[in-house]
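A short worksheet on the structure shown next.
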Amino acid sequence: MKPFLAEILLTKLTAFWTFAKLNNFFPEGTAFANAYTSASLFFSIYVKAVVLYHLSHAVQMNGCQNHCKLMKTETTAFNPKLYIGIDVHKKSWTFHYQTDLFDGKTITQPASPSKLVEWVQKHYPTHEVTCAYEAGFSGYSAARLFQKQNWNVLVLNAADIPMPQKQSIVKTDKIDCRNICKQLKNEALKSITIPEEQRESFRSLFRERNNFVMGLRHIKLNIKSYLMYCGITIPEEFDNASWSKNFIEWIKNQSNEYETGALKISYLLKRYEFMYQESLSVSNQIRLYARKHYKKDYYLLMSIPGIGGITASAILAELGDLRKYNRFDDLASSVGFVPGIYSSGDKTIVKGITPRAKSLLRSYLIEASWQAVRFDPVLQEYYRSHYGKQPNKIIVKVARKLLSRIHAVIKTEIPYQIGVIK
């Protein structure tokens, strides 16, 4: 009840009671007169309490308003967060989501990143989105689409995702995506590098060259194997890894008693010729592209002994700009020139070179090291200082030294100078 209404009602009741007493409507001592007197006294006390409450409340509000005028108000913005863990497959995606306040659901949808974007825009349009999925057959196209939506995207190495032992026994898409989402929210995940589209395309071309080289090696083995199967002995001057034109002519001139045998050799030689020409063509295209788009770094790398056009292109395709590696140890770890170590208490076991590596690039650098020790006296002296050990282990040490020189040349942008032993 508002205070002014209570006061008006109390005034009218008092006037009515006075008029009733003057006209002796309710004689004193009657039950009605006593009840009315008690009610009037209670109502009077209630009205006074209501008035005092409203007066004190008005004073308090007035004081707060004055205090707020003196205060400097600041507005703090907080963006709600959304975390999405995705298990990617060819035909469907299963994802689990959580916000910064509550756990969400697990949803399966068609294998389309645009579908996931539409779902987020419909249900959580104002949230800051962070998502993660395992690297694999789907590449980086989904990650780039999510980045265009200003999402934080992590592409994960499956071996780097923490998981309980139970999950290695019971594995489902639902469990996998829930675990990714949980670890993502806990900030326990680290993304692999998402390459630029140009470098990714260049890297794909370079790796295709390796497929041709492996195919060429395979068809050479097939031809030699068939010649031995037919009892044809290969002359000693031709029995090596380098196939000359004379050797190809010698194979063509081998007579076979049956027509089908001759056709077999003919088709094998056609496959060899195709693989050989394609590997030459793709190698030329790779060198041409590297000279055009990475000219400065390409020629800096070519100044290092043992580094040719293909190896220089391999470094640029697989690693990109080496200037992003501030520490050489980071570069060595990325390529795979670090040991595996198991240490517990006083016991330490060095397991050898790590299996986590850019294995193709590492093999190219090891091959380049065999050439480098022939022309660089410093590297040659380093190789000789480990005399007595297994050569295949020594050359790995030399390859790490060679990688450190590659890193220094690119960082300083000074062509390599062959050292001199004093």
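The values are calculated or read from the model by the stated rules, or taken from the named source; none is laboratory data. Only a predicted model underlies this, so the values are computations on that prediction, with no experimental measurement involved. As a convention, Cβ positions derive from the backbone with ideal geometry for all residues, glycine included, and neighbour counts pool all protein chains shown.
Yes or no: Glu278 outside the structural domain of Ser313 (by TED's automatic domain parsing), exposed (fewer than 11 other Cβ atoms within 10 Å of the Cβ) and of a type in the set (D, E, K, R)?
Working: outside the structural domain of Ser313 (by TED's automatic domain parsing): yes; exposed (fewer than 11 other Cβ atoms within 10 Å of the Cβ): no; of a type in the set (D, E, K, R): yes.
Judged against the criteria, Glu278 is not a match.
Pairs linking a residue in segment 266-284 that is under 25 Å from Ser313 (Cα atoms) to a residue that is not in a helix (DSSP H, G or I), with Cβ atoms under 6 Å and 6 or more positions apart or on different chains, do not occur. Evaluating Gly419 against the criteria (1) outside any helix (DSSP H, G or I); (2) closer than 26 Å to Leu205 by Cβ; (3) in contact (Cβ under 8 Å) with a residue 40 or more places away in the chain leaves one unmet condition, (2). Going through segment 104-135 one residue at a time, which ones are loosely packed, with under 13 Cβ neighbours inside 10 Å and of a type outside the set (S, T, N, Q)? If the condition is that a residue be loosely packed, with under 13 Cβ neighbours inside 10 Å and of a type outside the set (S, T, N, Q), then Lys105, Pro110, Lys115, Glu118, Lys122, His123, Pro125 are the ones that fit.
Pick from Tyr342, Tyr364, Tyr382: which is touching a residue at least 40 places away in the same chain (Cβ under 8 Å), of a type outside the set (A, V, I, L, M) and in the same structural domain as Ile310 (by TED's automatic domain parsing)?
Numbers: Tyr342 fails: touching a residue at least 40 places away in the same chain (Cβ under 8 Å); Tyr382 fails: touching a residue at least 40 places away in the same chain (Cβ under 8 Å).
That would be Tyr364, the only listed residue that is touching a residue at least 40 places away in the same chain (Cβ under 8 Å), of a type outside the set (A, V, I, L, M) and in the same structural domain as Ile310 (by TED's automatic domain parsing).
Residues of segment 251-274 that are of a type in the set (Asp, Glu) and within 16 Å of Asn222 (Cβ to Cβ): Glu273 alone. The residue that is surrounded by the most Cβ atoms within 10 Å (Cβ to Cβ), counting only those in segment 325-354 that are assigned to a loop (DSSP other than H, G, I, E, B) and modelled with pLDDT under 90, is Thr354. Taken as a whole, the condition of being in the same structural domain as Ile315 (by TED's automatic domain parsing), crowded, with 16+ Cβ neighbours inside 10 Å and closer than 14 Å to Ala312 by Cα does not apply to Ile394.
Quick check on segment 204-220. Is at least one of its residues farther than 30 Å from Glu318 by Cα and assigned to a helix (DSSP H, G or I)? If you could, list the steps in order and put the result at the bottom.
Just the residues of segment 204-220 that are farther than 30 Å from Glu318 by Cα, to begin with: none.
The answer is no; no qualifying residue exists.
Do we have Thr193 as β-branched (Val, Ile, Thr), in a loop (DSSP other than H, G, I, E, B), out of contact with any strand residue (DSSP E or B) (no Cβ under 8 Å at 6 or more places or on another chain) and over 21 Å from Leu82 (Cβ atoms) here?
So Thr193 fits the description; yes.
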